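In what follows, a structure is listed as structure tokens, so that the remarks can point back to it.
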Amino acid sequence: MSIPNIITLGRIILVPVIVWAIVSSQMEIAFAIFVIAGVSDAVDGFLAKRFNMASELGALLDPLADKALLVSIFVALGIWGAVPRWIVILVVSRDIMIVMAVIVSWLFDKPIPMKPLMVSKLNTVAQVAFAALVLASLGFNFTPAPYDVILMGLVTVFTLVSISLYLVEWVRHMSTIDGH
């Protein structure tokens, strides 16, 4: 169990805490925890690369921690009414579709290599920025316009493009299955 993996596990443990903060209307705390989670993500990535501490476990846990955090925040903010529910459905549906595609490919004994696309990385950045802006605006009582609409637009475009590209790649990958 390397230091980056311990940091990543800590980020996973922060997920229910940040959800509690959001549903309890403790937005300053939610924002602070989100910033801590973001810094911890950068630190564990830096340590893993710089000190050759990368591991298979870390390669699985890190994106899982990121997804758990972002999906939980989007769902909590959607329930709280701070973001439109359609964006929550879009963000969550994308991740569910990716997980289902991976499961189906495993069931057909045709596991698909997991390599994030550049648009997915941009999508994650847009989701993080949008969530941070919404949490900060709620915690520190300011109007996020027009940046919230711009970031929501970027999340929407990147999510739709990402879904499309992953779907094309998955269909291409799965179409090589023998028809017997």
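The values are calculated or read from the model by the stated rules, or taken from the named source; none is laboratory data. Everything numeric here is computed off the predicted structure, so don't read it as measured data. In this analysis, Cβ positions are derived from the backbone assuming ideal geometry, glycine residues included, and neighbour counts consider all displayed protein chains. Keep in mind that these areas ignore ligands, DNA and RNA; they rest on the heavy atoms of the full protein, side chains included. Shrake-Rupley method; radii C 1.70, N 1.55, O 1.52, S 1.80 Å.
The table below lists the values:
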quantity	calculated
Dipole magnitude of the chain, debye to nearest 20 (Cβ charges: Lys/Arg +1, Asp/Glu -1, about Cα centre)	160
Between 0 and 90°, nearest 10: helix 85-107 axis offset from the chain longest Cα axis	30
Nearest 10 degrees, 0 to 90: helix 27-50 Cα axis against the chain principal axis	40
Separation of alpha-carbon centers, the range 104-179 and the range 1-40, rounded to whole Å	21
Accessible surface of the range 54-180 [probe 1.4 Å, protein heavy atoms]: carbon and sulfur percent	75
Nearest 10 degrees, 0 to 90: helix 147-174 Cα axis against the chain principal axis	10
Solvent exposure of the chain as accessible area per residue, Å², 1.4 Å probe	58
For the range 44-133: span of alpha carbons on each principal axis (Å, largest first)	41, 37, 20
Separation in nanometres of the label points that stand 7 Å from Cα toward Cβ, at residue 35 and residue 143	2.4
Charge tally in the Cβ shell below 12 Å around residue 159, where Lys, Arg are +1 and Asp, Glu are -1, residue 159 excluded	0
Most to least packed among 44-56, 21-33 [average Cβ atoms within 10 Å]	21-33, 44-56
Alpha-carbon Debye profile of the chain, log10 I(q)/I(0) at 0.09, 0.17, 0.19 Å⁻¹	-0.35, -1.13, -1.31
